[in-house]
Amino acid sequence: MKPTIVFLTHVLNNAIVDGFIPAAQSLGHDVIVLTDHGHAHQQALTNVHIHECDVFNPIAVIDLIAALKIEPRAVFSNSDHLQTCTALVASLLGVPAKPWQVCYHAKNKHWMRKRLESLHLPTIWSQTIRRGDPVNMEWPFPLVVKPTQGVASMDVVRVDTPAQLNQYLAQIDESQSVLLEEFMDGPLITLETLGDGKHLHTIGGFDVSLSNPPYFVETAAQWNGPHTRQWRTHMAHILAQFGVALGACHSEFIVTPRGPVLVEINYRSIGDNREFLLDQLVEQGWFKSILQIHLGQEIDVPHVKPTYAQINYLVASKPGTVRLAPRIENNGKVQYRAIKQEGETLQISHSNKDYIGVFTFQADSEIELQQLQSETYKCNPWSVQ
């Protein structure tokens, strides 16, 4: 009988379907998926066992695992929302687990700021507020408003005046809290790390381009750009002090005049197609390496191929129907993943939900990288009408 890995999932995710589950099977493990979106997963996965479960409730997860009479070698999730629950379940079952307190503090942006303050790590002014709370004219406008547990830049916006903030608050549910943060003006960079419980391995990071204010949609990401190269060691030190250890972690920083300051910590693998680029760049395999750590196995220090790489997102700027989409054969230099197909309609959310597709470019030099992008866009027009 093969050893088992239990996956906890929420909404359907390409990294799980096309990355982690195939990696688990290639490592010789059976896969059991617990999810609150059973129908979607049953349609996408035909060769794994899928069970409906309230995956936000660790007691429900533990009870179901006991009812299924399985003793998993690992309990794993790549969902932002499920890291705390997964850590609690894994810890109770005695398999490798992230510290659940760190998972919760990383996920909840209010508590992330509180933890940074308590550890005397670089942070910024922040304030949690709800609809109906008074707005203080003395707050350091402009501010960034974001859900305390949001993802993918959804409902994140810059407000320049108290009037704009009041307008934002009037549109949210009375039970919802949002975080106000001092606006940081500077380059956005990421750090991708892989911890084995003893060492926090720095894989690399991205210099990220954003849409125009007041929104924060990521439009492109340069692998190991100049800002990331300059600050990666400094960023890794901040993460280690925060408590990030086991498994993959995707963190975002703004480079301010006093150095990098955390925007958010996503205590899971990077997404938006960049995880598949990492799987190609990490010689041992990104997905396999992460799972091996959660299985308690020793891994070699990840070796990253020296290459130039760029991710470009096709972002719809208006609602409509996709009338024209790129049609390209993937190769070692240029790859395309369609997110929306021709004929699909979309609304604008000012988040990564507005992506039509993703181009990934890899080259041996910066000049070649620029040429690949220019030639590809000439031959692959796209439009939304």
Applying the gyration tensor rule to the Cα atoms of segment 270-314 (axes a ≥ b ≥ c; rounded if a/c under 1.5, else prolate if a/b exceeds b/c, else oblate), the class is oblate
For the chain, the dipole about the Cα centre with charges only on Cβ (Lys and Arg +1, Asp and Glu -1), to the nearest 20 debye, works out at 160
The answer for GluC sites (Glu not before Pro) in segment 206-301 that fall in a DSSP coil and have at most 15 neighbouring Cβ atoms within 10 Å is Glu283, Glu298
About its Cα centre, segment 60-191 carries a charge dipole, from +1 on Lys and Arg Cβ atoms and -1 on Asp and Glu Cβ atoms, whose size in debye to the nearest 20 is 480
GNM on the chain, Cα springs under 10 Å; top mean-square fluctuation among Thr256, Thr360, Thr86 goes to Thr256
In terms of the alpha carbon gyration tensor, root eigenvalues a ≥ b ≥ c, rounded if a/c is under 1.5 and otherwise prolate when a/b exceeds b/c or oblate, segment 278-385 is oblate
With all protein chains present and a 1.4 Å probe, the order of Ser289, Ser177 from largest accessible area down is Ser177, Ser289
Gyration tensor on Cα atoms of segment 221-319, a ≥ b ≥ c root eigenvalues, a/c under 1.5 rounded, else prolate if a/b beats b/c, else oblate, says oblate
Between His37 and Arg229, the two model label points (7 Å from Cα along the beta-carbon direction) sit apart by a distance in nm of 3.8
With R₀ set to 22 angstrom, the calculated FRET efficiency between the beta-carbons of Ile70 and Thr46, to the nearest 0.05, is 0.65
Length gained, Leu12-Ile62, 0.36 nm per residue minus C-alpha separation, equals 15.8 nm
One point scatterer per Cα, no solvent, Debye formula: log10 I(q)/I(0) for segment 59-158 at q = 0.13, 0.16, 0.18, 0.21 Å⁻¹ comes out as -0.63, -0.82, -0.93, -1.11
If each part is reduced to its alpha-carbon centroid, segment 65-90 and segment 9-57 end up apart, in Å, by 12
Rounded to one decimal in nm, the spacing of the 7 Å Cα→Cβ label points at Trp125 and Gln101 is 3.0
Helix-only [θ] at 222 nm, the chain, -39500 (n - 2.57) per DSSP H run of 4+, per residue, nearest 500, equals -8000 deg cm²/dmol
In whole percent, the fraction of accessible protein surface over segment 200-261 that belongs to carbon or sulfur atoms, probe radius 1.4 Å, stands at 53
Connecting every pair of Cα atoms under 10 Å apart in the chain and solving the GNM, the largest mean-square fluctuation among Thr190, Thr148, Thr228 falls on Thr148
Over segment 100-204, with neighbouring protein chains present, the accessible area per residue in Å² at probe 1.4 Å is 48
One finds the C-alpha centres of segment 182-216 and segment 112-136 to be spaced, in Å, by 20
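The values are calculated or read from the model by the stated rules, or taken from the named source; none is laboratory data. Since we're looking at a predicted model, the values are computed, not measured. Glycine also receives a Cβ, built like all others from the backbone with ideal geometry; neighbour counts cover every protein chain displayed. Ligands, DNA and RNA are stripped out before the accessible areas are found, and what is left, the full protein with its side chains, is counted by its heavy atoms. Shrake-Rupley method; radii C 1.70, N 1.55, O 1.52, S 1.80 Å.
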